[in-house]
Amino acid sequence: MDMGVSVFFPAYNDAPSLPGLLEKAFKTLESVTSDYEVIVVNDGSGDNTGVVLVELQARYGERLRVVTHEQNRGYGGALRSGFAAATKDLVFYTDGDAQYDPGEVAGLMRLLRPAVGLVNGYKLQRHDPWHRVALGKIYNRVARVMFGIRIRDIDCDFRLIRRELVEDLRLESTSGTICLELVKKIELSGCEVAEVGVHHYPRLHGTSQFFRWHSLLTTLRQFMRLYWQLVVVHGTGRVVERVLCAFHLSA
């Protein structure tokens with residue numbers, strides 16, 4: 001592959017999963033490109049994630065960079081830092097909890113064509129507790145309907161994106177709604193989107209950040225703000241634009 005690839009992992013209390021995750025990522029990248037970098041965003045972890053990352057940097061050298069948040073900024077904040085730190089033509093990210101296999105990034109790269117701005121994974125089968133599976137299905141269905149999103153799995157955090165496209169999106173979310181903001185803005189950009197099924201594995205370490213009252217309330221507020229910005233305001237603007245265009249043509 002001629003294009004460089006930045007791979008990053010947002011990590012929050014993911015010390016046990018990071019060594020194996022990064023080992024698989026480096027092996028995969030070495031097989032598909034010579035121009036790559038790996039970044040871990042340590043989002044204010046309270047465990048020994050920082051210590052583990054120092055050890056991993058000693059092992060992998062300058063190929064591994066670490067971005068450290070002294071305080072937790074939320075999932076959206078971690079993703080925004082990862083995108084900002086990436087320097088290569090393509091950016092791939094997945095979570096630091098090892099519920100996805102970074103080895104499957106090669107399958108995403110095979111679907112990249114000149115007109116494609118995003119290759120998005122979708123979970124072949126979700127391996128989470130039943131309540132998370134149920135709530136995830138409801139959230140995905142509601143978000144797709146309300147925002148008119150075509151991508152089938154908004155919350156599959158296994159994505160390959162052109163960096164220049166991400167830079168133009170100006171992402172604002174700090175919560176998990178950043179996934180919704182990301183895919184909606186990419187679809188509004190007019191670029192093509194490809195999708196591929198990926199495997200999802202049970203969480204072996206730690207707990208999800210999502211199911212906390214503060215996180216839920218923040219997510220709800222940002223969800224409604226995004227609806228106002230990307231659906232109501234954007235839709236009104238499109239209507240006004242069409243009216244002005246019709247008036248101009250009839251003049």
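Here is the size of region 8-59 from its Cα atoms: Rg then Dmax, 11.3, 34 Å. Each Cα pair under 8 Å and six or more residues apart adds its sequence gap; the mean of these over the residue count of the chain is a relative contact order of 22 percent. Relative to the longest principal axis of the Cα atoms of the chain, helix 49-60 runs at roughly 80 degrees. Proximity of backbone amide H atoms, modeled 1.01 Å from N, is registered between TYR36 and VAL5 at under 5 Å, excluding neighbours fewer than 5 places apart on the same chain. Relative to the longest principal axis of the Cα atoms of the chain, helix 18-32 runs at roughly 70 degrees. Our summary gives region 75-200 a relative contact order of 45 percent, counting only alpha carbon pairs under 8 angstrom and 6 or more residues apart. For ARG152 and GLN71, a Förster radius of 22 Å and the Cβ-Cβ distance give a FRET efficiency of 0.05, rounded to the nearest 0.05. Close Lys pairs in the chain, defined as Cα atoms under 22 Å apart and 8 or more places apart or on different chains, number 9.
Angle of helix 178-189 to the longest C-alpha principal axis of the chain, folded into 0 to 90 degrees and rounded to 10: 50°. Taking other C-beta atoms within 10 angstrom as a stand-in for reagent exposure, GLU23, GLU187 fall in the order GLU23, GLU187, fewest first.
Residue order for SER175, SER31, fewest other beta carbons within 10 angstrom first, comes to SER31, SER175. With viscosity set to 0.692 mPa s at 37 °C, what whole-number translational diffusion coefficient in µm²/s follows for region 53-158 from Stokes-Einstein and a Kirkwood radius over Cα pairs? Here the translational diffusion coefficient equals 200 µm²/s. Shape summary: the chain maps onto an equivalent ellipsoid whose semi-axes, from the alpha-carbon gyration tensor, are 32, 22, 17 Å in decreasing order. The relative contact order of region 18-157 comes to 23 percent, based on Cα pairs under 8 Å that sit 6 or more residues apart.
Quick note: the coordinates plus some simple rules give every number you see, no bench work behind them. Keep in mind the model is a prediction, meaning the values are calculated, not measured. Because the Cβ atoms are built from the backbone with ideal geometry, glycine has one as well, and the counts that use them run over all protein chains shown.
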